[in-house]
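Got a structure here, written out as structure tokens. Questions coming.
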Protein chains: 4
Amino acid sequence: MSPPSATESATPEVRERIRASFDRQGLMRHLGASLGHIGPGRVHIELPRRPEITQQHGYIHAGATSAIADSAGGYAALTVFEVDSEVLTVEYKINLLAPAGGHHIEAVGTVVRAGRTLTVCQLEVFAVDGAERSLVAVGQQTLIRLPGKR
Amino acid sequence: MSPPSATESATPEVRERIRASFDRQGLMRHLGASLGHIGPGRVHIELPRRPEITQQHGYIHAGATSAIADSAGGYAALTVFEVDSEVLTVEYKINLLAPAGGHHIEAVGTVVRAGRTLTVCQLEVFAVDGAERSLVAVGQQTLIRLPGKR
Amino acid sequence: MSPPSATESATPEVRERIRASFDRQGLMRHLGASLGHIGPGRVHIELPRRPEITQQHGYIHAGATSAIADSAGGYAALTVFEVDSEVLTVEYKINLLAPAGGHHIEAVGTVVRAGRTLTVCQLEVFAVDGAERSLVAVGQQTLIRLPGKR
Amino acid sequence: MSPPSATESATPEVRERIRASFDRQGLMRHLGASLGHIGPGRVHIELPRRPEITQQHGYIHAGATSAIADSAGGYAALTVFEVDSEVLTVEYKINLLAPAGGHHIEAVGTVVRAGRTLTVCQLEVFAVDGAERSLVAVGQQTLIRLPGKR
């Protein structure tokens, strides 16, 4: 599993490109998600717990957990490609390990292997409450790189 | 793949129980999703396309597609158990086959096998535009049954 | 789920191409697997139960079940492409639903969507004992098409 | 990803129990697989490349790769439970990252989370050729614990 924090940052150009794309994702804004760390091959996305994203027992809905995990993996893949590439999720698999409570959840997408056409990412989601941090979901994702749309 | 429509309905008690649970899912309401058909071992959930649920190119975000697919499978599983059971998603895998455009998407969760502890569902999501209906995602989900919380 | 039998056959050229490839798979021969029905977008592979393919309780090992399911999906994909294409498994996910006993198991790979680059197949494995046929595994597979090696 | 080697060993009782179970897996013997390191929550299985386990291009068949990955995960789970437990694979997902060539492959199963009923493992498979070691497959597996059969 990945260390809870990673210090190396992506270049300003990469960070800017990812922030611009993230800001166009209506769903991330609607859920209340925000970008955290953007490193080479690794992106973090945070999502505060609030009633709008819960399931029937008040925990964060697996769909919200998955949504930020999927985006974190997609942007992690994007950090390793040149400027005018796009990546699309081909598929992912996610295990929900524990109810996601706490103050917020943080998804970490990490590139496991970047190929010419396909990229595989590891997805992890942590529930965070002050200094406590526990793994609540883990997944694996396949993405495809497309020539960029200029 | 499942037929686009199914006519058999679950009992009024089952339908009522599922509607009550669905109404407590903050995320479904926040996304704008609504319950469709509720049959024995099969549940449909619809989600209109609107800017709040898109990714960066204006298609429906994979996270929103997955969220309603996950809920559809969970409720399909719930239709086959007695009144005071609960089901939780253990894991799921989903392939995004095509960009989800159209007027709305419809997720169909179907029980493949219901066991004492674990249930497996097939997940399908269709993009619907008038009379057109095309498969945009397909998945497979494992759920665990828990004794109900009264 | 797919019907237990399918009657439409692929063309003789396609069947011949798939048989020739199957015969080069050392693992299929070593396990004792054989090709069954070869239809357009659907291929069956059978595997008799014997001690060489069991796990510690005498049932067929999930690895053997998966191996024929993976090959069935790969050949199903191959039926839909032109002569000099190759397909490779990108990933698959499989649920083992029940212990695989019986006389033999039969894997059925069915193309769900064939794209220019990626193809998605549904995988099903049945345990067969005389007239009895029960679903023991179900999966979903992603394959990539490569230009053929002449 | 896991470090290529791990030094902590499981207790002699655990190692003995796992070796005894492994020896009853007809498939592992038939493929030519052997147990490597057995640590707490981590088990390695090795498989030499030979014609009996190949696909049509001479690389190790995904089915053989998956089979030892599945067993490695299952035994990793078994290391963390008391003597008379059994574990069964519920499902797994595996990405084949690169053709598996080299002298042999080594699967590493690592427990990510062990629960009362369900356990999730990470699966990695490396191709090894002398001092070279490259990741050829990565997966994620769910297992269920059953009361032991005495």
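Quick one: would you say residue A:33 is crowded, with 24+ Cβ neighbours inside 10 Å, touching a helix residue (DSSP H, G or I) at 6+ places or on another chain (Cβ under 9 Å) and within 9 Å of chain B (Cβ to nearest Cβ)? Outline the logic, then answer.
Details: crowded, with 24+ Cβ neighbours inside 10 Å: yes; touching a helix residue (DSSP H, G or I) at 6+ places or on another chain (Cβ under 9 Å): yes; within 9 Å of chain B (Cβ to nearest Cβ): no.
Spelling it out, it is not the case that residue A:33 is crowded, with 24+ Cβ neighbours inside 10 Å, touching a helix residue (DSSP H, G or I) at 6+ places or on another chain (Cβ under 9 Å) and within 9 Å of chain B (Cβ to nearest Cβ).
Just one of D:74, D:58 is surrounded by fewer than 19 Cβ atoms within 10 Å (Cβ to Cβ) and within 10 Å of chain C (Cβ to nearest Cβ); which is it?
Values: D:74 fails: surrounded by fewer than 19 Cβ atoms within 10 Å (Cβ to Cβ).
Selected residue: D:58, the only one of D:74, D:58 that is surrounded by fewer than 19 Cβ atoms within 10 Å (Cβ to Cβ) and within 10 Å of chain C (Cβ to nearest Cβ).
Still on this structure: How many residues does region A:73-104 contain that are within 15 Å of residue A:127 (Cβ to Cβ) and in contact with a helix residue (DSSP H, G or I) (Cβ under 6 Å, 6 or more places away or on another chain)? Quick ask: steps written out before the conclusion?
Our first condition is that a residue be within 15 Å of residue A:127 (Cβ to Cβ); within region A:73-104, this holds for A:94-104.
Next cut, in contact with a helix residue (DSSP H, G or I) (Cβ under 6 Å, 6 or more places away or on another chain) only: A:94, A:96, A:100.
Qualifying residue count for the region: 3.
Then there's this: Of everything in region D:9-40, what is out of contact with any Leu (no Cβ under 9 Å at 6 or more places or on another chain) and at positive phi? Give them in sequence order.
none
Looking only at region C:60-94, count how many residues are closer than 24 Å to residue D:20 by Cα and in contact with a strand residue (DSSP E or B) (Cβ under 9 Å, 6 or more places away or on another chain).
Adding up the residues that qualify gives 6.
Which one of the conditions (1) away from chain D (no Cβ under 14 Å); (2) of a type in the set (A, V, I, L, M, F, W, C); (3) surrounded by 15 or more Cβ atoms within 10 Å (Cβ to Cβ) does residue C:83 fail to meet, given that it meets all the rest?
Among (1) away from chain D (no Cβ under 14 Å); (2) of a type in the set (A, V, I, L, M, F, W, C); (3) surrounded by 15 or more Cβ atoms within 10 Å (Cβ to Cβ), the lone unmet condition for residue C:83 is (3).
Filter region C:38-55 down to the residues that are away from chain D (no Cβ under 11 Å), outside any loop (DSSP other than H, G, I, E, B) and either open to solvent by less than 40 Å² (accessible area, probe 1.4 Å) or farther than 22 Å from residue C:103 by Cβ (or both) and list them by number. I'd like the intermediate steps shown before the answer.
Here is the first cut: in region C:38-55, the residues away from chain D (no Cβ under 11 Å) are C:38-44, C:46, C:48.
Retained after the next criterion (residues that are outside any loop (DSSP other than H, G, I, E, B)): C:38-39, C:42-44, C:46, C:48.
Answer for region C:38-55, where residues must be away from chain D (no Cβ under 11 Å), outside any loop (DSSP other than H, G, I, E, B) and either open to solvent by less than 40 Å² (accessible area, probe 1.4 Å) or farther than 22 Å from residue C:103 by Cβ (or both): C:38, C:39, C:42, C:43, C:44.
In region D:114-150, how many residues are open to solvent by 30 Å² or more (accessible area, probe 1.4 Å) and either farther than 23 Å from residue D:83 by Cα or among the aliphatic types (A, V, I, L, M) (or both)?
10
How many residues does region C:123-148 hold that are under 19 Å from residue B:114 (Cα atoms) and of a type in the set (S, T, N, Q)?
From region C:123-148, those under 19 Å from residue B:114 (Cα atoms) are C:123-127, C:133-140; that's our starting set.
Those left that are additionally of a type in the set (S, T, N, Q): C:134, C:140.
The qualifying residues number 2.
Which members of region D:99-127 meet the condition of being farther than 29 Å from residue A:97 by Cα and not hydrophobic (A, V, I, L, M, F, W, C)? Write out each step before concluding.
So the first thing to find is which residues in region D:99-127 are farther than 29 Å from residue A:97 by Cα, and the list is D:99-105, D:127.
Passing the criteria: D:99, D:101, D:102, D:103, D:104.
Is it true that some residue in region A:94-108 is open to solvent by 10 Å² or more (accessible area, probe 1.4 Å), within 10 Å of chain B (Cβ to nearest Cβ) and part of a strand (DSSP E or B)?
Yes.
The values are calculated or read from the model by the stated rules, or taken from the named source; none is laboratory data. Just so we're clear, the structure is a prediction, and the values are computed from it rather than from any experiment. Every residue, glycine among them, receives a Cβ derived from its backbone with ideal geometry; neighbour counts consider all protein chains shown. Side chains included, ligands, DNA and RNA excluded: accessible areas come from the protein's heavy atoms. Shrake-Rupley method; radii C 1.70, N 1.55, O 1.52, S 1.80 Å.
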